[in-house]
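Bear in mind these aren't lab numbers, they're just calculated from the coordinates by the rules spelled out. It should be emphasised that the depicted structure is a prediction, and the values quoted were computed from it without experimental measurement. Note that we place each Cβ from the backbone using ideal geometry, even for glycine, and neighbour counts take in every protein chain shown.
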Amino acid sequence: MAIGKSMHIKVDEGDLINQHVHYSEAPFPDSDGKDAPPWDFKPVPTEPLHSQQAYEDERDKIFKKRWINIAREWEVPEPGSYIIKNIEVLGASIVVTRGTDGVIRSFHNVCPHRGNQLFDPNKQPCQGRARTVMCAFHGWTFDLEGKCLKISDEGKFYDLSKDDISLMKIHTDTWKGQIFVNLAEQPSETLEQWLGDFGKEVGHYDWDRFEVAAKWESEVNVNYKVFIDAFQETYHVSFIHLSSFTGEVEHDTDPYFNLKYMRFFGPHKALAVPGRGSPETNVRQKVIKQDGENVRHGINLDRIEDWGFDIDVVFPNFFYNMLNNQYFTHNFWPIGPNKTHWECHLYLPKTDKASDLITWEREKCLLRDAINEDLSTNEATQVSLNNGHIKQIHYSEQETALRHHYYYMEQFTK
Amino acid sequence: MPEKLLPKKFVHLEVYVKEWSITGEEGRYLKRHNSTLEEMTAYYNIVEPLLEDISTYLDQYSLKDLSPECIRLLNLALMCQECFSSVVLFKHPHVPNVLPWQQFKVSSSIIDEVKKIPTQKHK
């Protein structure tokens, strides 16, 4: 295999979060020598892609123990705002609130009296504004900071007053407008520590320039790892996106649309997709110029010439796709070993001009169509995996990101 | 006096308003998937050459100040863009070789509220 450039910063073996592997200037090297990454390059067993046990292990040891993105600050825009998020893999119905003090918190959507659902979708909207919430069962009342305001007929309780009880709080933190929760009783690290150097690099992006412009979702009969695999390699572009993005591919010199760099920050990653711009689709990926004003931080981390966009992944299931004039996020929610609920939010620059909306609408619809193409192989693949037709997968150099996810899944579920 | 459907400059597009001027991405997505390629192509060929003029006209106003006639005009332009990939790229009414389009859900309501653009019920 031809040798490109790579770097591996080795830290303590047990420190999974701060291992760095950086491949630049494709083609990327293999596993020999001092720059070898912590994972190997052998075929990967497919059992974790369909087994109930693997789903339960990931649910209990990753999703319920690590920082997971569940909401966005714009979903709870004002003091008193709340939104309910029902997330099967977390085993929780979660109320995300912005208190009167402006602080974002989250709680289990459970009355601490006898466990009734506090915000009942049959009785209240699952998103809105409120100063208080009253349990429909016995009238216990709470504010959006979680404080108990009233226990009905309090005097009949034994050694219990409203000051002794509150809503069951969940560890919550925000990063660049995104809301994360950690269901562990005591998280093993803060959100900032969890994001580590990934957060420091990508965090410089000018997030405030954008606002949400679209939301797409689907329920697909596929394991979430099979689903995310389709979104963290470009090997498929020439085939799956033949109609939508073929103009982006340099068929003579780079027919397989190779990634330009791969950066692995512990369990997280940043991958660079090439881009040249296609007149037919009006997709313009401007070259990042290092001349001051045109430098966009947090993207094109290696400052390469033919950069298109970055695929940034927060382990285990939260993706950013970062361009210089838009970004979009994916959340992949496991619903069992063979089903995933996927949702995507697109963010475009804030504007007051109709002409911007008209111009961007074409790209937005085309993006949606291309993502629809990405979903196209999922269910058929899962059927084959479920039937045991394929016992192992050979990942190429260009599919290293998939292997990286498999490695960290194994490490965190030991 | 009947209500003006569109600004005077674009009165010749009023015949398209009832069917193609749709508020919200969800409604436009549904319209695309319930139209034939011929229907979308005919509509696209009428409106696409006018997109620049429509953009210039509407930019006289702030988005939040758009009149109902202007909102209808904006929606005609957005619907034209919704048809682009079917008419120009795929030459097929839907995205070819993907999951059933009903399995892919497009949400407008939350987005429109966040953006606070005046909405207009589709007639």
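Structure notes:
- Cross-link pairs A:K61/A:K169; A:K150/A:K200; A:K215/A:K269; A:K61/A:K200; A:K61/A:K350 - those with Cα-Cα distance over 32 Å: A:K150/A:K200; A:K61/A:K350
- 10 Å Cβ neighbours from other chains, averaged over peptide B:89-98: 5
- Mean Cα-pair separation over length for chain A, i.e. relative contact order, pairs under 8 Å, 6 or more apart, %: 19
- Structure remark: mean-square fluctuation, Gaussian network model of chain A, C-alpha springs under 10 Å; the largest value among A:D120, A:D60, A:D374 belongs to A:D120.
- Mean-square fluctuations from a GNM of chain A, with a 10 angstrom spring cutoff on Cα atoms, peak among A:D252, A:D310, A:D302 at A:D252.
- Cβ neighbours within 10 Å from other chains - mean over B:56-69: 2
- Selection from A:G80, B:Q60, A:L348, by position along the positive dipole direction of the protein assembly as shown (Cβ): A:G80
- Over chain B, Cα pairs under 8 Å with separation of 6+ residues give a relative contact order of 41 percent.
- Given R0 = 30 Å, the distance between the Cβ atoms of A:D206 and B:K64 translates into a calculated FRET efficiency of 0.80.
- Neighbour cut-off at most 14 other Cβ (10 Å), DSSP loop, trypsin sites (Lys or Arg not before Pro), the range A:328-384: A:K350, A:K353
- Count of lysine pairs in the range B:17-115 with Cα separation under 23 Å (8 or more residues apart, or interchain): 8
- Electrostatic bookkeeping for A:A230 treats Lys and Arg as +1 and Asp and Glu as -1; over the other residues with beta carbon under 10 Å from its beta carbon, the sum is -4.
- In the calculated pair-distance distribution of the range A:68-186, the portion above 22 angstrom amounts to 31 percent of the Cα-Cα pairs.
- Partner shielding of A:339-350 amounts to 1, given as the average count of beta-carbon atoms from other chains within 10 Å of each residue beta-carbon.
- Taking the C-alpha atoms only, the angle from helix B:37-47 to the longest principal axis of chain B is near 30 degrees.
- The trypsin sites (Lys or Arg not before Pro) of the range A:66-163 meeting both criteria, a DSSP state outside H, G, I, E and B (loop) and at most 11 other C-beta atoms within 10 angstrom of the site's C-beta, are A:R114, A:K123, A:R131.
- The aspartates and glutamates within cross-link reach of A:K176, meaning a Cα-to-Cα straight distance under 13 Å and a gap of 8 or more places when in the same chain, are A:E73, A:E192, A:E201, A:D206, A:D208, A:E211.
- Given R0 = 30 Å, the distance between the Cβ atoms of A:E73 and A:N116 translates into a calculated FRET efficiency of 0.55.
- Euclidean distance of C-alpha centroids, the range A:189-259 and the range A:112-145, integer Å: 38
- Here r is the Cβ-Cβ distance between A:S161 and A:E192 and R0 is 30 Å; the resulting FRET efficiency, rounded to 0.05, is 0.25.
- Modelled label positions at A:N86 and A:T413, each set 7 Å beyond Cα in the direction of Cβ, lie 2.6 nm from each other.
- The alpha carbon convex hull volume per residue for the range A:142-259 rounds to 242 Å³.
- Each peptide in A:173-180, A:204-211 receives the mean, over its residues, of other Cβ atoms within 10 Å, and ordering these scores from highest gives A:173-180, A:204-211.
- For the protein assembly as shown, the orientation-averaged shadow of the C-alpha convex hull comes to 29.4 nm² (one quarter of the hull surface).
- Square roots of 5 times each gyration tensor eigenvalue, C-alpha, the range B:17-115, largest first, Å: 24, 18, 10
- For the range A:85-168, the set of GluC sites (Glu not before Pro) satisfying both a DSSP loop assignment and a count of at most 16 other C-beta atoms within 10 Å is given as A:E145.
- Computed over every Cα-Cα pair of the range A:286-414 and binned at 5 Å starting from 0, the pair-distance distribution P(r) comes out as 2, 7, 12, 17, 20, 16, 10, 8, 5, 2, 1, 0 percent.
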